[in-house]
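The values are calculated or read from the model by the stated rules, or taken from the named source; none is laboratory data. These figures come from a predicted structure and were not determined experimentally. Quick reminder, even Gly has a Cβ in these numbers, built from the backbone with ideal geometry, and neighbours come from all protein chains shown. Areas reflect the complete protein model, heavy atoms only, side chains present, ligands, DNA and RNA absent. Shrake-Rupley method; radii C 1.70, N 1.55, O 1.52, S 1.80 Å.
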Amino acid sequence: YRDDADAVEVFGLTAPLTPAAVLVALIERSAGMTVLLTRRTESLSSHGGQISFPGGRVEQDDGAPLRTALREAEEEVGLAPARVEILGRLANYVVGTGYRITPVVGFVDPAQRFVRDEREVAEIFEVPLDIVMARENYHREHMRIKNIDRSYYVLPYGDYRIWGATASILANLRDTLSD
């Protein structure tokens, strides 16, 4: 993916991409750095039960992906924007459902207490950054979606199956930090 035109060609999308943003929240714990993730509630109409970052669609009042990521993190897990030190962002990631996701990376105050929005978030958990950084922890799987063969990353962690856009963004974080 280099630009929206590539995404249209690769995914066969006909409508303009919908901008979205997620917060890749890094937390320094006594045992080491972790990455904050959520498991979406099963009742959600899209991606129910899947592992994701706090985030969502850019709304008109947001003005920028950074504001979207912070707003969504506050709504979904009760993370106060003042408790996040923004480090930067990773490359945009486009999904076949037509979203262009901007991953915003930031350190989160380890004293922050998380409170999940029970309508959207079934669970809040953290993955050790050491797990994310180990290339051998990832593998590729394949699926046929809308008559197109797709390949995607999977990062198993305990009982969690982190896959698709979330695993790809974690792999991008890994590669960026490795550089």
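Please get the size of the charge dipole for segment 98-158, origin at its Cα centre, with Cβ charges of +1 on Lys and Arg and -1 on Asp and Glu, quoted in debye to the nearest 20. Could you put the intermediate results ahead of the total?
On the way: 9 positive and 10 negative charges, 83 e Å.
Here the size comes out at about 400 debye.
Under a 5 Å amide H to amide H cut-off, with H placed in plane at 1.01 Å, what residues pair with residue 89 once short-range neighbours are removed?
Here the answer is 105, since their amide H atoms fall under 5 Å of that of residue 89.
All other residues with a Cβ under 15 Å from the Cβ of residue 56 taken together, and with Lys, Arg as +1 and Asp, Glu as -1, what is their net charge? Intermediate results must be reported in sequence, preceding the final value.
Numbers: positive: 40, 57, 67, 71, 100, 116, 119; negative: 59, 61, 62, 72, 74, 75, 76, 117, 120.
Spelling it out: positives minus negatives among the neighbours equals -2.
Estimate the FRET efficiency between residue 113 and residue 57 by the formula 1/(1 + (r/R0)^6), using the beta-carbon distance for r and 30 Å for R0, to the nearest 0.05.
Details: r = 26 Å, r/R0 = 0.88.
That gives a FRET efficiency of 0.70.
At 1.4 Å probe size, with the rest of the protein present, what percent of the exposed accessible area of the chain is carbon and sulfur atoms?
Of the solvent-accessible surface of the chain, carbon and sulfur hold 49 percent.
Roll a 1.4 Å probe over the protein chains and send me the accessible area per residue for segment 69-179 in Å².
Details: 6030 Å² over 111 residues.
Ligands and nucleic acids excluded, the result is 54 Å² per residue.
First select every other residue whose beta carbon is under 11 angstrom from the beta carbon of residue 115; then total the charges, Lys and Arg +1, Asp and Glu -1.
On the way: positive: 113, 116; negative: 74, 75, 76, 117, 118.
Within the 11 Å Cβ shell, the charges total -3.
If I model a spin label at residue 143 and residue 18 as a point 7 Å from the Cα along the Cα→Cβ vector, what separation in nanometres do I get?
About 1.7 nm, to one decimal.
Counting only protein chains, not ligands or nucleic acids, how are 53, 107, 114 ordered by accessible area (probe 1.4 Å), most first?
Details: 53 10, 107 75, 114 50 Å².
If we order 53, 107, 114 from most to least accessible, we get 107, 114, 53.
How many percent of DSSP beta bridges within the chain run antiparallel, rounded to 5?
Of all bridge pairs located within the chain, approximately 75 percent are antiparallel.
Grab the DSSP H runs of the chain that are 4 residues or longer, score each as -39,500 (n - 2.57), total them, divide by all residues and round the 222 nm result to the nearest 500 deg cm²/dmol.
It lands at -7000 deg cm²/dmol.
For segment 113-166, state which trypsin sites (Lys or Arg not before Pro) are in a DSSP loop and have at most 16 other beta carbons lying within 10 Å of their beta carbon.
Values: sites: 113, 116, 119, 135, 140, 144, 146, 150, 161; in loops: 113, 116, 119, 146.
Here the trypsin sites (Lys or Arg not before Pro) that fit, given the DSSP loop and packing criteria, are 113, 119, 146.
Just want to confirm a number: the relative contact order over the chain, from Cα pairs under 8 angstrom separated by 6+ residues, in percent.
Here the relative contact order equals 24 percent.
Under 5 Å between amide hydrogens, which residues at least 5 positions from residue 162 or on another chain qualify, with H placed 1.01 Å from N in the peptide plane?
155, 157
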